[in-house]
Amino acid sequence: MAVFELKEALPPPARSAGATGWIRANLLSSPLNIALTLLGAYLILTFLPPLLDWAIFSADFTGETQDACVSGGACWTFITNRLPFFTYGFYPEPERWRVNIGFLLLAAVMIPQFIEKIPGKQWIGLFGLTGLPILVAILLSGGIFGLESVPTDKWGGLMLTLVLAFVGIVGALPIGVVLALGRRSQMPIVRIVCTTFIELWRGVPLISVLFMASVMLPLFLPEGVSFDKLLRALIGITMFQSAYMAEVIRGGLQAIPRGQYEAASALGLGYWRSMGLIILPQALKLVIPGIVNTFISLFKDTTLVLIIGLFDILQTVNSSIVDPSWNNVATEGYVFAAFSFWVFCFSMSRYSQALERKLHTGHKR
Amino acid sequence: MNKMIAALAGVAAAGIFATGSAQAAETLDAVKGRGELVCGVSTGLPGFSVPDDKGAWTGIDVDTCRAVAAAVLGDANKVKFVPLTAKERFTALQSGEIDMLSRNTTWTATRDTSLGLNFAGVNYYDGQGFMVMKSLGVKSAKELSGASVCIQSGTTTELNLADYFRLNGMEYSSVVFDTSDQTIQGFEAGRCDMLTSDQSQLYSLRTKLPDPSAAMVLPEVISKEPLGPVVRQGDDEWFNIVKWSLFAMVNAEEFGITSANVDEMKDSKDPNVGRLLGTQDELGPQMGLDKEWAYNIVKQVGNYSEMFERTVGMGSPLEIARGLNALWSNGGIMYAPPAR
């Protein structure tokens, strides 16, 4: 008796499955795609091998001086040799553990924000925005609790870049929220003050803000009163970025339908509670891309402090590549600086994407 | 409205000058009270002021600051270095943010007379020169009519170059770059026949070539660039101290006093040495300093020759010959008034 035997389904044709299928669908689906694929392959084959050869295969990583760079490729010895300077600037060597603790604290606060299932991470985040800056400021500048005082002119390198960016970010967001609310306020004086502030700061380039803070301000201060150059730069950067932040957030506030405001009023919520509980959470979520955009541009703008003689990571590289005891290491230096910036900016961008996914409540299409 | 703005500007300007003169005669007390000399340097110029591998400042401008600190405070390490860009440097001095500026600053009439500043001497006589590849086979810049020249944009070197070629009735084409490392890369890639910059810079750029010995600096110097420390005008006491700290180093070289033999030289029979080192005369107290001011300079920083060789001379990667910076008795123009 013939029995029905279930035959296994045939695999899909080899041409449409697996790697071949993927290649056919994605790389060779049309004449234009074939041409683009060929062009891409040609470009990769032309540029990648020499690049890899320069950066890795014939590069030198170890050693102490220029003499160690003999292979003809990149001289990463220069970077490894100068890494402490690029990281800490002029920070005195015996005190550098304090900077390391600062880095660790920053990492301890930031890394949990990337991981979904960590209890109380909003509290860690809140600490990062309030307690951490104060704690790190005490740690880095010292002068109390038996810590040796390290004046800010000794700060430099990556550490200074992070200080500038972190303070700018932590300061600019709340000030920006207040300014955005103020600009939409019904009270004329508040509105005029906020609008003037925003337009004034937004109307000048950051370079001139820094330059005014560094060069002009001391001339107008009374004799003997001089306040820290880094502090002046920090205030300048924070004010400048908060004006941009305010406009980003105002965009979010305007996107909230009028009904939400009316619903909040109907529930009997006052101004601050309706803003804090209903309007701002929605508005801020809407403008996450804009906010992170501002943060990333702030991070990159911190390099501008080199025109007022602060040694951020780019300036430490700049002043190191001229060292006559090394051959031309400008490329290595700038590649290193670019890579450092990319690491931080890319992490910020990934974080914002994760945040958007998490807070996604049906707005995204 | 315009009148109001003018009036406001006037008040602001008066304020600036008032601050300037009110600081007179106080710098020495301020430095002593602080226990630290605040010295403006560059943000990184090889041989003059540049942070080393450890992040410590080195260079001839840095050593000039250290010499003043040794004279005033007795310790050459009590200096706080403030890196300044070219645009900030004079304001930082005028506003009192720094006590002295030692930042490869060319002494010119305008700067000396109109900025409220005083140049306290010259620690390096520089001048614009040319660098060519030896393979070009030229011995003088005069043979270079029609040459292409690599220059860094926005510097006075561009103007000096134009003047020099026009004066000699020669043609040139310029290849302009933005930064010094681009300039040397352009030169290395053969985009120009020669490179022009201040001579001290030519030597430091030369070290960036794959084979530094393939390039040479031509003997012509087409501009005068005397570089030296600068102080605020109106504080003559401080001006004297900075000026004589520099002179002390030059005099020490002339009398053969070095950091190694300064202790033995204290017993020297030579009255010049005795006066300088404070064993026979009281030069220091006349300036408001310790009797051992010059001893401290030579002991801790060295004489002019030691400073020069260590930072820009044969003991450094720049390998610049003394040239103009040799003592007057050795064919240079480095000359200090007698210490008596």
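Would you point out the residue of the range B:298-340, among those that are part of a loop (DSSP other than H, G, I, E, B), in contact with a Leu (Cβ under 7 Å, 6 or more places away or on another chain) and of a type outside the set (Gly, Ala, Ser), that is farthest from the other protein chains (Cβ to nearest Cβ)? Looking at residues that are part of a loop (DSSP other than H, G, I, E, B), in contact with a Leu (Cβ under 7 Å, 6 or more places away or on another chain) and of a type outside the set (Gly, Ala, Ser), I get B:Ile333. Among the residues here, B:Thr113 qualifies as free of Cβ contacts under 8 Å to residues at least 60 places away in the same chain and not basic (Lys, Arg). Within the range B:72-79, is there a residue that is on the phi > 0 side of the Ramachandran plot and more than 14 Å from chain A (Cβ to nearest Cβ)? Yes, some residue in the range B:72-79 is on the phi > 0 side of the Ramachandran plot and more than 14 Å from chain A (Cβ to nearest Cβ). Residues in the range B:96-110 that are in contact (Cβ under 8 Å) with a residue 60 or more places away in the chain and either assigned to a loop (DSSP other than H, G, I, E, B) or basic (Lys, Arg) (or both): B:Gly96, B:Ile98, B:Asp99, B:Ser102, B:Arg103, B:Asn104, B:Thr105, B:Trp107.
Do we find a residue being touching a Gly at 6+ places or on another chain (Cβ under 8 Å) and either closer than 30 Å to A:Trp155 by Cβ or among the hydroxyl-bearing types (Ser, Thr, Tyr) (or both) anywhere in the range A:38-48? So far as the range A:38-48 goes, no, none of its residues is touching a Gly at 6+ places or on another chain (Cβ under 8 Å) and either closer than 30 Å to A:Trp155 by Cβ or among the hydroxyl-bearing types (Ser, Thr, Tyr) (or both). Within the range B:35-55, the residues that satisfy the criterion of being in contact with a strand residue (DSSP E or B) (Cβ under 7 Å, 6 or more places away or on another chain), more than 7 Å from chain A (Cβ to nearest Cβ) and not hydrophobic (A, V, I, L, M, F, W, C) are B:Glu36, B:Gly40, B:Ser42, B:Ser49, B:Asp52. Selection within the range A:56-84: residues that are in contact (Cβ under 8 Å) with a residue 40 or more places away in the chain and surrounded by 15 or more Cβ atoms within 10 Å (Cβ to Cβ). The member of this set that is farthest from A:Asn328 (Cα to Cα) is A:Arg82.
Considering only the range A:31-84, state which residues are farther than 20 Å from B:Pro210 by Cβ and among the hydroxyl-bearing types (Ser, Thr, Tyr). Passing the criteria: A:Thr37, A:Tyr42, A:Thr46, A:Thr62, A:Thr80. Kindly indicate whether B:Ala248 is over 18 Å from the mean Cα position of the chain (by Cα), closer than 21 Å to B:Ala69 by Cβ, in the same structural domain as B:Ser114 (by TED's automatic domain parsing) and modelled with pLDDT of 90 or more. The answer is no for B:Ala248. Annotation: of all residues in the range A:302-329 being surrounded by fewer than 20 Cβ atoms within 10 Å (Cβ to Cβ) and either farther than 16 Å from A:Gly156 by Cα or of a type outside the set (A, V, I, L, M, F, W, C) (or both), the one that is farthest from the other protein chains (Cβ to nearest Cβ) is A:Thr303. Within the span defined as the range A:16-26, every residue fails to be at pLDDT 85 or above, surrounded by 11 or more Cβ atoms within 10 Å (Cβ to Cβ) and aromatic (Phe, Trp, Tyr). Scanning the range B:45-65 for residues that are touching an Asp or Glu at 6+ places or on another chain (Cβ under 9 Å) and surrounded by fewer than 22 Cβ atoms within 10 Å (Cβ to Cβ), which turns out farthest from A:Ile313 (Cα to Cα)? The residue in question is B:Thr58.
The lone criterion from (1) touching a strand residue (DSSP E or B) at 6+ places or on another chain (Cβ under 8 Å); (2) modelled with pLDDT of 85 or more left unmet by B:Glu220 is number (2). Among the residues making up the range A:212-251, those that are out of contact with any helix residue (DSSP H, G or I) (no Cβ under 6 Å at 6 or more places or on another chain), surrounded by fewer than 21 Cβ atoms within 10 Å (Cβ to Cβ) and in a helix (DSSP H, G or I) are A:Met212, A:Met216, A:Leu217, A:Phe220, A:Leu231, A:Ile235, A:Glu247, A:Gly251.
Show me the helices (runs of 4 or more DSSP H) found entirely inside the range A:252-365 where at least 1 residues are in contact with a helix residue (DSSP H, G or I) (Cβ under 8 Å, 6 or more places away or on another chain) and more than 30 Å from A:Ile56 (Cβ to Cβ). In the range A:252-365, the matching helices (runs of 4 or more DSSP H) lie at A:258-266, A:271-274, A:280-286, A:288-301, A:330-359. Residue count for the range B:38-60 satisfying the condition of being among the aliphatic types (A, V, I, L, M) and in a strand (DSSP E or B): 4.
Of all the numbered requirements in (1) crowded, with 24+ Cβ neighbours inside 10 Å; (2) part of a loop (DSSP other than H, G, I, E, B); (3) over 21 Å from the mean Cα position of the chain (by Cα), B:Tyr295 misses one, and that requirement is (2).
So which residues in the range B:225-238 are under 19 Å from B:Ala336 (Cα atoms), touching a strand residue (DSSP E or B) at 6+ places or on another chain (Cβ under 8 Å) and surrounded by fewer than 22 Cβ atoms within 10 Å (Cβ to Cβ), if there are any at all? Within the range B:225-238, B:Pro226 is the sole residue that qualifies.
The values are calculated or read from the model by the stated rules, or taken from the named source; none is laboratory data. Note that the coordinates shown come from a computational prediction; the quantities given were computed from them, not determined experimentally. Every residue, glycine as well, gets a Cβ built from its backbone with ideal geometry; the counts of neighbours run over all protein chains shown.
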